[in-house]
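Chemist: Below you'll find the structure I mean.
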Amino acid sequence: VRARLALACALCFACAKAPPDAFTVLSASIADWSSIVLAALPYVVCGAFAAGMSRRLVNRRWRHKHIAVALLAVLNPGCDCALNGFAGVLARARPSLAGFALTLAAAASPASLAVTYAAFGMRMTIARTACAFIAAALTAIAWSSVGPTSTVGPADDKHRHHKNNLDDLAAALGGVACAGAAAAAAKAFAPAEALAHMAPAAAALFGALLSPCSTADPLLAVALLRDARSQLVFMLASQCLDVRQMLLVFRHFGMARMAAAAACAAGACAAAAIFA
Amino acid sequence: MSVGGALAFAGSAAIMAALDGAARTLTAAPPALTLCAGAALVLLSMRAIAWRAFALAVIAGACAGLWLPNAAPSGPRDVGVRAPRGHVAADLFEALDMLDDDPSAFNRRIISVSGTWTPANARRAATVSRRVMSCCAADAIDVGFDVAPRGGARVRPGAWVRVSGRLHVRLRAGDMRYEIDDAAVRTAPAP
């Protein structure tokens with residue numbers, strides 16, 4: 001009761017003493033958050049259906065099934081939101097394969113490379129692909145030596161299968177909603193003037209908080225940042241080091257592998273900043 | 001709220017957002033896609049929870065979806081000068097493309113472009129810009145021109161305008177900016 005009373009008092013005080021632009025900023029932040037969730041929704045649902053189908057594939061006795069799922073994840077024509085579906089299935093694959101596929105699919109999916117080419121041209125596209133490979137290879141190496149994976153039990157009956165799908169969907173949407181909140185807050189509070197000449201490290205942090213869609217990060221980079229290294233680091237961090245990807249990895253692979261993936265992505269970002 | 005309830009809420013909100021136009025304003029995807037995804041969520045959650053909880057979640061989601069058009073995306077903040085490739089046909093984008101190829105393309109010439117009007121404030125000049133949305137409103141970008149209006153423009157922020165004037169290339173804080181000087185600003189019908 002006390003906590004609710006304190007919250008009510010705080011809300012009343014905030015409403016009474018709100019700065020003049022506060023409601024405009026709040027409305028814009030709600031619009032930004034809603035737009036992120038609405039835009040991700042079709043991909044998340046498609047990803048969940050793809051995951052349902054890949055679960056059936058995994059339950060069959062086929063030797064290369066996990067490689068097929070990893071290939072499907074990397075070559076999926078949608079945006080990185082669809083990875084929410086594939087992650088559940090990849091959690092049963094070899095850790096190195098899962099880490100490689102998830103990182104590469106996030107940072108260098110066909111759609112994101114096509115938009116990068118349209119926004120920057122061939123050189124930046126090659127740099128992005130190379131850095132994504134570095135991040136994916138580092139993650140694969142790290143995951144093969146870091147803690148056991150948290151596997152999902154086999155979907156052996158119809159009810160459990162349905163429940164798994166629903167849980168996957170809800171968890172994926174929850175992750176998108178959390179990442180959306182971080183992105184809306186980052187956008188509301190980041191001063192636009194400071195972005196243009198941002199250092200690569202700051203660009204990485206901004207990209208990680210903003211967690212834009214993989215088809216949108218090249219356009220944001222070209223519009224907001226001036227330095228080529230910052231642009232590359234921003235794009236990489238937006239996909240490999242971002243809140244959305246970290247939540248996804250945490251849900252399916254646990255804290256240790258999330259930390260390993262973050263460290264590897266940070267290493268790839270540093271390589272991009274030094275050698276690009 | 002249970003998993004099924006949360007999904008029913010989200011699905012119902014998405015369906016309403018697709019029907020009331022919020023999805024069209026906030027995302028680049030066709031509203032039909034949002035509608036189908038929302039419908040799939042509602043159908044899936046229907047089997048997972050009791051009818052009463054389901055109905056409550058759907059009604060609450062519909063209310064949230066109906067309210068969404070009231071949440072206005074932020075206006076242009078940092079207007080860029082490079083139009084993304086593969087844009088739609090528009091005078092403003094074409095002018096920026098020509099300037100990108102040759103910054104002296106409009107030297108001493110009158111330029112006329114249309115876009116959204118943002119008045120000047122203490123930190124930046126007035127601008128005429130267009131929004132490019134590749135995914136959603138959160139990662140949309142604005143590109144356009146700085147404007148120095150002739151005799152002060154009395155146009156409300158966010159209005160669709162046609163701006164005509166002489167183009168100058170300026171450096172501001174190390175960035176190249178294109179400014180339309182002595183500009184006539186008139187409201188115009190939105191495309």
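Chemist: Per-residue counts of other Cβ atoms within 10 Å, averaged by peptide: what ranking do you get for B:68-75, A:97-104, highest first?
Modeler: The packing order, highest mean first, is A:97-104, B:68-75.
Chemist: No solvent, one uniform scatterer per C-alpha: report log10 I(q)/I(0) for segment A:79-151 via the Debye equation at q = 0.16, 0.20, 0.22, 0.27 1/Å, two decimals.
Modeler: -0.59, -0.82, -0.92, -1.15
Chemist: To the nearest 20 debye, what is the magnitude of the charge dipole of the protein assembly as shown about its Cα centre, counting +1 on the Cβ of each Lys and Arg and -1 on the Cβ of each Asp and Glu?
Modeler: 860
Chemist: With 10 Å bins from zero, work out the P(r) of segment A:106-145 over every alpha carbon pair and list the percent per bin.
Modeler: Spelled out per bin, shortest first, that is 32, 44, 19, 5.
Chemist: Principal axis lengths of the protein assembly as shown from Cα atoms, whole Å, largest first?
Modeler: The Cα atoms of the protein assembly as shown stretch 74, 54, 43 Å along their principal axes.
Chemist: Mind putting together the pair-distance distribution for segment B:1-57? All Cα pairs, 10 Å bins, whole percent per bin, short to long.
Modeler: Values per bin, smallest distances first: 29, 46, 22, 2.
Chemist: Let me ask another. Can you give the relative contact order of chain B as a percent, counting alpha carbon pairs under 8 Å and 6+ residues apart?
Modeler: 18
Chemist: In peptide B:33-40, what is the residue-averaged number of other protein chain Cβ atoms found within 10 Å of each Cβ?
Modeler: Whole-number average of other-chain Cβ neighbours for B:33-40 is 5.
Chemist: Whose amide H sits under 5 Å from the amide H of B:R177, counting only residues 5 or more places off or on another chain, with H placed in the peptide plane?
Modeler: Amide H neighbours of B:R177: B:R170, B:L171, B:R172.
Chemist: If you don't mind, there's one more thing I want to ask. Once the Cα gyration tensor of segment B:131-172 is found, what semi-axes does its equivalent ellipsoid get, as square roots of 5 times the eigenvalues, in whole Å, sorted largest first?
Modeler: 24, 16, 9
Chemist: How much net charge surrounds A:L232 when only other residues with a Cβ under 11 Å from its Cβ are counted (Lys, Arg +1; Asp, Glu -1)?
Modeler: That works out to +1.
Chemist: Also: Taking the Cβ of B:M176 as the center, what net charge do the other residues with Cβ under 12 Å away carry, scoring Lys and Arg +1 and Asp and Glu -1? Don't skip to the end; give the middle numbers.
Modeler: On the way: positive: A:R226, B:R82, B:R170, B:R172, B:R177; negative: B:D100, B:D146, B:D175, B:E179.
Spelling it out: positives minus negatives among the neighbours equals +1.
Chemist: Please give me the summed charge of the neighbours of B:T27: other residues whose Cβ is under 15 Å from its Cβ, Lys and Arg +1, Asp and Glu -1.
Modeler: Spelling it out: positives minus negatives among the neighbours equals -1.
Chemist: Hey, what did segment A:197-276 get for relative contact order, percent, Cα under 8 Å, at least 6 apart?
Modeler: 35
Chemist: With θ set to phi - 60° and the Karplus curve 6.51 cos²θ - 1.76 cosθ + 1.60, what are the ³J(HN,Hα) couplings of segment A:232-238 in order, to the nearest whole Hz, using x for Gly and Pro?
Modeler: My calculation for segment A:232-238 gives 5, 5, 4, 5, 5, 5, 4 Hz in order.
Chemist: Tell me, A:F275, A:F120, A:F86 in order of fewest to most beta-carbon neighbours within 10 Å?
Modeler: A:F275, A:F120, A:F86
Chemist: Over chain B, what lengths in whole Å, largest first, do the semi-axes of the equivalent ellipsoid take, defined as the square roots of 5 times the eigenvalues of the alpha-carbon gyration tensor?
Modeler: With the √(5λ) rule applied to chain B, the semi-axes are 44, 16, 13 Å.
Chemist: While we're looking at this one, here's another question. To the nearest 20 Debye, how big is the dipole of segment B:54-190 about its Cα centre, given +1 on the beta carbon of each Lys and Arg and -1 on that of each Asp and Glu? Provide the component values of the computation, followed by the final result.
Modeler: On the way: 18 positive and 14 negative charges, 103 e Å.
I would put it at about 500 debye.
Chemist: To continue, here is another question. Order of A:V233, A:V74 from fewest to most other C-beta atoms within 10 Å?
Modeler: Working: A:V233 32, A:V74 20.
Ascending number of Cβ neighbours within 10 Å: A:V74, A:V233.
Chemist: Fewest to most neighbouring Cβ within 10 Å: what's the order for B:W51, B:W67? Intermediate values should be presented prior to the final figure.
Modeler: Details: B:W51 8, B:W67 16.
Taking fewest neighbouring Cβ atoms as first place, the list is B:W51, B:W67.
Chemist: Which of the listed residues, A:L26, A:A172, B:M98, is farthest toward the dipole's positive end in the protein assembly as shown, when Lys, Arg count +1 and Asp, Glu count -1 at the beta-carbon?
Modeler: Comparing the listed Cα positions along the dipole, A:A172 ranks first.
Each reported figure results from applying straightforward, stated rules to the coordinates on display, with no laboratory input. Keep in mind that what you see is a predicted model, and the values were worked out from it rather than measured. Neighbour counts run over all protein chains shown; Cβ positions are idealised from the backbone, glycine included.
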